[in-house]
Amino acid sequence: MKQIVFTFVFQGPVRNFFRTFTSNLMNRRLPSTIPNHSTSIALTHIPFGLRGHRLLSVEEVPRGLACDCICPACGARLVAKKGARQAHHFAHYRGHACANALETSLHLKAKEVFERVRRIVAPAVFLHRQTAPVFDAQLLRFERVRLEQHLGSVVPDIILETGPKKRLLVEIVVSHRSGSAKVRKLKKQGLSAIEVDALAIYRQMIKDCGEFRAIDFEQALVQGLEHKRWLFNDKQQRIEYKLRKQAAERPAKHRFFKGYHGYIVPGCPLEKRRWRSGFRQGEYYANLWQDCLYCHRRFEIVYETALAGFEEVPQHPLAVVCWGHLPLPGAVGWASSV
Ligand SMILES: [Zn+2]
């Protein structure tokens, strides 16, 4: 019944009035700083067309079929749409559907950019549970570049190299992020790798400025940090491994105090708490649940296990492995993170 009334009311002149009314309202509310065509750019637009072996952005070609470009994904002819209403873009000639055009063109463009510039601003490197970086974000320059070549069991999109030792892999993602299996392979071979999300950069640009410009895309790929992350960093793992080896295992002691069970770790090097009285007066300790559990220098809590059914399950804490007695590995400003 409700539906019938609804369709009846929203027909003919009533509907037209409602439409103009809401669109007027919407237009008035839109901020005037954004250019007129900004809201109409869609994720189906193709930012780059292929001419021969060159990827061209829409600014570099004449309007219409004269652009002489094909779709990087399916090879169909493209037209450059450079009208007044929408942001300039490529579209398939006689508009057939092509699902991968955007992803493929971004992927190809990103590879072309890194092949040409051979440098990248790498994000900061953080050690396990640390909030201060051990390596700051830095610009890394390389001498050679290889695309899509085997490196043991992985085939990275881009390999940046200087000499035999300095090597960085760059993965361009446009649809799904790299899984844990890939990270495990990188770890096994000790290959440092950065993941760059090209599609996220594209989306961000359209959201922020309402149009896509090839030069800004290149800038965001090389200089930007927002859509980059370390998949694996070899130096970070080496430092963590060294810290792990030098870490101390401090036994935890059960304490029943004022009706509550708790665990304390005597001799906390970070001096979390201090005995105020008794024969241990003046000595330092830590409260396992309140201090060690959230401590940035704690590697692991060792539990006593018991066999329950078929498997060993943790029962209660035995010790805390921490590196509180070691100095914090400082950020080595001049050193490269790869
Ligand atoms: Zn296509």
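A short reminder: the numbers here are calculations on the coordinates, not readings from a lab. Quick caveat, the model's predicted, so the values are computed rather than measured. So basically every Cβ, Gly included, is an ideal-geometry build from the backbone, and we count neighbours across all protein chains shown.
First select every other residue whose beta carbon is under 10 angstrom from the beta carbon of R51; then total the charges, Lys and Arg +1, Asp and Glu -1. Here the charged neighbours net out to -1.
What does the net charge come to around G267 if you take all other residues with beta carbon closer than 12 Å to its beta carbon, with K and R at +1 and D and E at -1? In short, +3. Here the gap between R274 and H316, fully extended at 0.36 nm per residue and compared with their Cα-Cα distance, gives a gain of 12.7 nm. Give the angle, between 0 and 90 degrees and rounded to the nearest 10, that separates the Cα long axis of helix 234-246 from the longest principal axis of the Cα atoms of the chain. Helix 234-246 sits at roughly 10 degrees to that axis. Cβ crowding within 10 Å ranks K109, K182 as K182, K109, fewest other Cβ atoms first. Residues of the range 200-240 with the amide nitrogen closer than 20 Å to a label point 7 Å from the Cα of F126, along Cα-to-Cβ, please. Counting only backbone N, you get 224-240. Roughly how many Å is it from the Cα centre of the range 211-288 to that of the range 78-148, as a whole number? When both Cα centres are located, 34 Å separates them. Amide H contacts of I194: L169, V170, E171, L231, each under 5 Å away and 5 or more positions distant or on a separate chain (H built 1.01 Å from N in the peptide plane; Pro and chain starts excluded). Can you bin the range 243-307 into rounded, prolate or oblate? Criterion: square roots of the alpha carbon gyration tensor eigenvalues sorted a ≥ b ≥ c, rounded for a/c under 1.5, prolate for a/b above b/c, oblate for the rest. Oblate, because a/c is 1.5 or more while a/b does not exceed b/c. Put a plus charge on the Cβ of each Lys and Arg, a minus charge on the Cβ of each Asp and Glu, and nothing anywhere else: the dipole of the range 45-165 about its Cα centre is then about 280 debye. Report the calculated FRET efficiency for R54 and Q246 (r = Cβ-Cβ distance, R0 = 56 Å), to the nearest 0.05. Step by step, r from the Cβ atoms, then E = 0.55. Near P164: Cβ cut-off under 15 Å, other residues only, Lys/Arg at +1 and Asp/Glu at -1. The net charge is +2.
Classification of the range 226-338 by its C-alpha gyration tensor yields an oblate form. The axis ratio a/c (a ≥ b ≥ c) is 1.5 or more, and b/c is at least a/b.
For the cross-link pairs K166/K245; K182/K235; K182/K228; K187/K235; K187/K228, the ones whose C-alpha atoms lie over 20 Å apart are K166/K245.
Computed from phi, the 3J(HN,Hα) profile of the range 102-109 under the Karplus parametrisation 6.51, -1.76, 1.60 (θ = phi - 60°) reads 5, 4, 4, 5, 5, 4, 5, 5 Hz, with x in place of Gly and Pro. Stretching D136 away from K166 to a fully extended chain increases their span by 9.0 nm, per 0.36 nm per residue minus the current alpha-carbon distance. Computed from point charges on the beta carbon alone (+1 for Lys and Arg, -1 for Asp and Glu), the dipole magnitude for the chain about its Cα centre is near 380 Debye.
Indicate the gyration tensor shape class of the range 51-201 (rounded, prolate or oblate), computed on the Cα atoms with a ≥ b ≥ c the square roots of the eigenvalues: a/c under 1.5 is rounded; otherwise a/b larger than b/c is prolate and the rest oblate. Prolate shape, in that a/c is at least 1.5 and a/b is the bigger ratio. Dividing the summed helix terms, -39500 (n - 2.57) for each DSSP H run of n ≥ 4, by the number of residues in the chain produces a 222 nm estimate of -8000 deg cm²/dmol to the nearest 500. Both radii were evaluated on the Cα set of the chain; the Rg over Rh quotient, with Rh as the Kirkwood radius, amounts to 1.15. Model label sites at L326 and A99, defined 7 Å from Cα along the beta-carbon direction, differ in position by 4.8 nm.
For the pair L225 and W289 in one chain, pulling the backbone fully straight at 0.36 nm per residue adds 19.5 nm over the alpha carbon distance.
The antiparallel fraction among DSSP beta bridges confined to the chain stands at about 90%.
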